1. Mind counting the residues in segment 19-54 that are in a helix (DSSP H, G or I) and not hydrophobic (A, V, I, L, M, F, W, C)?
2. Within 11 Å of ligand 1 (Cβ to nearest atom), of a type in the set (Lys, Arg) and open to solvent by 60 Å² or more (accessible area, probe 1.4 Å): does that describe ARG330?
3. In segment 483-513, which residues are of a type in the set (D, E, K, R) and open to solvent by less than 10 Å² (accessible area, probe 1.4 Å)?
4. Taking GLU383 as the residue in question, decide whether it is farther than 17 Å from ILE79 by Cα and open to solvent by 20 Å² or more (accessible area, probe 1.4 Å).
5. Search segment 209-235 for residues that are polar (S, T, N, Q) and pair each with any residue that is away from ligand 2 (no atom under 14 Å from the Cβ) and open to solvent by 20 Å² or more (accessible area, probe 1.4 Å) when their beta-carbon atoms are under 6 Å apart and the residues are at least 6 apart or on different chains.
6. Looking for something assigned to a helix (DSSP H, G or I), modelled with pLDDT under 80 and either more than 39 Å from the chain's Cα centre (by Cα) or closer than 30 Å to CYS121 by Cα (or both) - is there at least one such residue anywhere in segment 83-98?
7. Quick one: would you say LEU287 is surrounded by fewer than 23 Cβ atoms within 10 Å (Cβ to Cβ) and away from ligand 2 (no atom under 12 Å from the Cβ)?
8. Only one of these is within 16 Å of ligand 1 (Cβ to nearest atom), hydrophobic (A, V, I, L, M, F, W, C), in contact with a Leu (Cβ under 8 Å, 6 or more places away or on another chain) and closer than 30 Å to ALA507 by Cα: VAL156, VAL102, VAL152, VAL122. Name it.
Amino acid sequence: MKIPYFLLELDQTEDGRGLEGALSELTSEPDEPVVFVRRSQLGGYGATLKAYQDGSLQKLLKMNGLEDFPGPYDYDLIIIGGGSGGLAAAKATAKFNKKVMVLDYVTPTPQGTRWGLGGTCVNVGCIPKKLMHQAALLGQALKDSRDYGWNVNEKVKHDWEKMTEAVQNHIGSLNWGYRVALREKRVTYENAYGQFIGPHRVKTTNNKGKERIYTAERFLVATGERPRYLGIPGDKEYCISSDDIFSLPYCPGKTLVVGASYVALECAGFLAGFGLDVTVMVRSILLRGFDQEMAQKIGEHMEEHGIKFIKQFVPIKVEQIEAGTPGRLRVVAKSTRSDETIEGEYNTVLLAIGRDSCTRNLGLETVGVMINEKTGKIPVTDEEQTNVPYIYAIGDILEGKVELTPVAIQAGRLLAQRLYGGSTVLCDYENVPTTVFTPLEYGSCGLSEEKAIHKFGEENIEVYHSYFWPLEWTIPSRDNNKCYAKIICNIKDNERVVGFHLLGPNAGEVTQGFAAALKCGLTKQQLDNTIGIHPVCAEVFTTLSVTKRSGGSILQAGC
Ligand code: FAD
Ligand code: NAP
């Protein structure tokens, strides 16, 4: 039932025999186990099972979903969190003529940044990130264009303020579009912070402090995550996070990016693309959890394009040398392997060290929803149901699931269809494709090489790989043998493709199509039987012939 319990093994406890005697005196139970719930003695195995089956165990546990609440409820469904998952669930539920309310509230960052409806993706995630990545790619295209005959004579300069204004205007239009869509679908939207205050009941607090109470038959928690801080002197005062960078009103200048995963490397990539001096401080490895061969190639490419890496160091203090937009900061960092400390001066320090789930100030304990105390994540069943039956959860706050917008959206839609449309389709969290939008994009689907080896054994996998040179890059004569394609096949299952990895331009676009093929059970033979499209990057996957095991050359040899 996913309920934390304390187990005392009498035969493994020092004074087990003494305790056994005391227990049988206290409980008059002749046998073990003896189960207690909230200090009440329930009995042995049989009694516990019976209590579970007739619901009295749940009552004892105060699992509020099973308690009666004097209806009628104000809403069929109240969704806390109007981000990717919450909005998708709201719109899908409204289709079934259900009464739905969405609560969305953005707590400002320590720097005071706030934004509108739509959650992380639209305001401070995927959308502004991809637009800034595009701005950086255009800078590269401008350089390439000279070799293609364009007379771009003057030294081109990037205008941060102009780009940011354009990006923010686009986001503003999306925020407005979401509000209109909710209104059209008759979903009630309240810009207020939601907290459970009792069974089937939430309190909302708006930015003026005005409180209201609503009831609902069911609730969906989709509150997402917010950037983590280091907990060192000066971090909240002087550092920014991804929640601030996309609307920063001034060019960040010389920037230290702390962290080495998606957010850190993507931000470092586009900032360097604007010509800024960028350093990435890495605690351990790049892109933990991803295929490490690909991660290493991304790092090498970024370094070759001027991004500096300080490896195995973490900041321990950030001080302001001079205020300004940007000002000047001194960062003291310590080695993770020795007592060595180093210092550096930057205009901006961007923390990208992971994100914390917004689950600790929701009143979840009031209604008995369990969270993982260490991570703040919510464990759910395959139906996205928490341990309290009338409360569901989706998106980034889920334990053990990938944190991506399309995953949150899919889970929200399918949940609504199951709750109100009679569907039984579950969200499939396996083989989710993803792309890291570093200057050289990395698309992947399925297992990393490390995970495939762990799962099937090295002797049972075949890795086919090749470098390739996008035709478009040959005229500017840049980055030859940097783009890389790799598939991992399960030998014992007809060489089924269990891992797909691509480092190259438009990796997201390419990977999306192959992800569909992987879902259909793509094999190496089927890839070989597929006729390529010439001349495009993705055709490399139809001609992969060199296995890693063979050690054969994979340097590209021309068209
Ligand atoms: P969110 O979208 O975070 O929405 C949660 C909402 O709930 C927020 O608006 C929050 O303010 C609100 N809220 C929280 N608590 C309360 C409360 N008590 N009451 C009311 N409202 C509350 N994913 C991709 O697929 N592709 C990408 O390219 C990509 N890029 C990213 C780049 C960055 C910099 C970041 C940070 C993330 C990126 N992601 C990307 C991840 C993606 O943004 C998330 O996976 C997605 O937004 C999760 O959706 P969600 O519904 O779980 O939460
Ligand atoms: P993350 O994947 O949790 O990575 C955190 C990074 O910070 C790791 O490199 C970690 O290093 C480092 N770190 C953690 N604590 C640190 C400390 N105290 N000092 C120094 N470094 C520290 O976090 P994220 O990059 O913020 O991404 C969050 C999620 O958002 C991702 O899982 C992803 O699903 C989503 N996202 C998706 C996209 C996309 O689809 N393109 C883009 C951005 C984000 P260690 O390896 O040493 O732990």
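1. Initial filter on segment 19-54 (in a helix (DSSP H, G or I)): 19-27, 45-54.
Add one more test, that the residue is not hydrophobic (A, V, I, L, M, F, W, C), and what stays is 20-21, 24-25, 27, 45-46, 48, 50, 52-54.
Adding up the residues that qualify gives 12.
2. Details: within 11 Å of ligand 1 (Cβ to nearest atom): no; of a type in the set (Lys, Arg): yes; open to solvent by 60 Å² or more (accessible area, probe 1.4 Å): yes.
When the stated conditions are applied, ARG330 does not pass them.
3. LYS486
4. No; evaluated as a whole, the condition is false for this residue.
5. These pairs meet every condition: THR215/TYR73; THR215/ASP74; THR215/ARG201.
6. Start the filter on segment 83-98 by keeping residues that are assigned to a helix (DSSP H, G or I), which leaves 84-94.
From what is left, the residues that are modelled with pLDDT under 80 are none.
For segment 83-98, residues assigned to a helix (DSSP H, G or I), modelled with pLDDT under 80 and either more than 39 Å from the chain's Cα centre (by Cα) or closer than 30 Å to CYS121 by Cα (or both): absent.
7. Details: surrounded by fewer than 23 Cβ atoms within 10 Å (Cβ to Cβ): yes; away from ligand 2 (no atom under 12 Å from the Cβ): no.
For LEU287, the condition - surrounded by fewer than 23 Cβ atoms within 10 Å (Cβ to Cβ) and away from ligand 2 (no atom under 12 Å from the Cβ) - is not met.
8. VAL122
The values are calculated or read from the model by the stated rules, or taken from the named source; none is laboratory data. Quick caveat: nothing in here was measured; it's all calculated off a predicted structure. For neighbour counting, all protein chains shown are included, and Cβ atoms are generated from backbone atoms with ideal geometry for every residue, glycine included. These accessible areas exclude ligands, DNA and RNA; they are computed on the full protein's heavy atoms, side chains included. Shrake-Rupley method; radii C 1.70, N 1.55, O 1.52, S 1.80 Å.
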